[in-house]
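Data block below; observations after.
The values are calculated or read from the model by the stated rules, or taken from the named source; none is laboratory data. What you see is a predicted model, and the numbers here were worked out from it, not measured in a lab. A quick note on method: Cβ atoms are made from the backbone with ideal geometry, for glycine too, and the neighbour counts reach across all protein chains shown. The accessibility values were calculated without ligands, DNA or RNA, using every heavy atom of the protein model including side chains. Shrake-Rupley method; radii C 1.70, N 1.55, O 1.52, S 1.80 Å.
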Amino acid sequence: MRRASIRHAPWRALTPALLLILCASLFPHMETLFRWLQPDASQVVYDRDSFWRLLLSHAGLVLLSGFIATVVGVVSGILVTRESGRDFLPLVNNVASIGQTFPPVAVLALAVPMTGFGGAPTVVALTLYGLLPVVRNTIAGLEGVSGAVLEAARGMGMSPSQVLWKVELPLAFKVIMAGVRTSVTINIATAAIGSTIGAKTLGDPIVAGLINGNTAYVLQGAILVALLAVAADAIFERIESASA
C-alpha cells in the first residue's frame, strides 16, 4: 500500500498543473459553457488579454516577490538566532508581523507614488506580505535544532559557519520550506489585487467581471488563480517529501 502511494505521488503533484494548463488553453474555446452561466451578457469569455500571458505575468510577480521574501526572511532569521544578533529578535519579529498585518491594498496605495503603476508596487506589497511566514519558520527551525547536536558538531571541530551550513540549515530545511510554501501560496491569491493598479495578473478578468457584473469573467480568473495556488502547493509538498 505504501509503495503504491509513493509510486503515484508524482502524478498527484502534476495533476493540478495539468488542469491549470488545460483551463488556460481551453477557456477561450468554451463560450458555450460560459454562455450557459451568463446568458444575458454580450460577451462571456475574457479576451482583453490572453489567459497565458496573464498566467505567466501573475506567476512571475509571485516568484520574484517570493524570492526576495525568502532571501530577506532566511537571512534575517539566521542573523537574529546568532549570539551577536539575538537583541534584534523582537524587532525583526515585529517588523515582519507589521508587514503581514498591513492590508496589501494600503501597501499598493503607498507604493504607487514611489514606484508608479504596474508590477513594481505589486512586488513590494507581496514581498512584505510574504515575509512573516518565512522569518518565523526560519527562526523556529533553527531554534528547534537540538543543543546536543550542536555541541557534538562543535566537539568535532566545526567552525560556526560549518555548523550553520552543514548542521543547522539542513535540519531546519523542512520547517523553513513550510514557511516559504505558506508565503508563496498566500501571495498567489493576493497578487490578483495588482490588477487594480495596472499589473498584468489573473485578477484582470476578476476585476473586469466585478465592474461589468459578468460572473463568467470572475469565474475564469478565480479558477485559474485557485489552480495555480493548488499546483504550487503540490510542488512544494513534493519537494518536502523528497527532502524527508
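The figures follow:
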{"quantity": "Accessible surface of SER50 - all protein chains present, 1.4 Å probe, nearest 10 Å²", "calculated": "60"}
{"quantity": "Added length on full extension, which subtracts the Cα-Cα distance from 0.36 nm per residue, GLU31 to GLN162", "calculated": "41.2 nm"}
{"quantity": "Region 181-208-region 118-173 distance, computed between alpha-carbon centres (Å)", "calculated": "28"}
{"quantity": "Distance (nanometres) between label positions extended 7 Å along Cα→Cβ at MET114 and SER84", "calculated": "2.8"}
{"quantity": "Residue with peak Gaussian network fluctuation, the chain [Cα springs, cutoff 10 Å], from ILE139, ILE223, ILE193", "calculated": "ILE223"}
{"quantity": "Note, ³J(HN,Hα) from phi for region 42-54, Karplus 6.51, -1.76, 1.60, rounded to Hz, x at Gly and Pro", "calculated": "6, 9, 10, 10, 5, 9, 6, 7, 7, 4, 5, 5, 5"}
{"quantity": "Tensor-based shape of the chain (alpha-carbon gyration tensor, a/c under 1.5 rounded, otherwise prolate or oblate)", "calculated": "oblate"}
{"quantity": "Mean Cα-pair separation over length for the chain, i.e. relative contact order, pairs under 8 Å, 6 or more apart, %", "calculated": "28"}
{"quantity": "For region 107-121, Karplus couplings with θ = phi - 60° (6.51, -1.76, 1.60), whole Hz, Gly/Pro x", "calculated": "4, 4, 4, 6, 7, 4, x, 8, 10, x, 7, x, x, 4, x"}
{"quantity": "Spin-label model distance (nm) - ARG48 vs ILE235, 7 Å beyond Cα toward Cβ", "calculated": "2.7"}
{"quantity": "222 nm mean residue ellipticity, helices alone, for the chain (DSSP H n ≥ 4; -39,500 (n - 2.57); rounded to 500)", "calculated": "-25500 deg cm²/dmol"}
{"quantity": "Residue with peak Gaussian network fluctuation, the chain [Cα springs, cutoff 10 Å], from ALA229, ALA153, ALA13", "calculated": "ALA153"}
{"quantity": "Protein accessible area in the chain, 1.4 Å probe - carbon and sulfur %", "calculated": "69"}
{"quantity": "Hull volume in cubic angstrom per residue (convex hull over the Cα atoms of region 1-140)", "calculated": "194"}
{"quantity": "1.4 Å probe accessible area per residue over region 121-244, in Å²", "calculated": "43"}
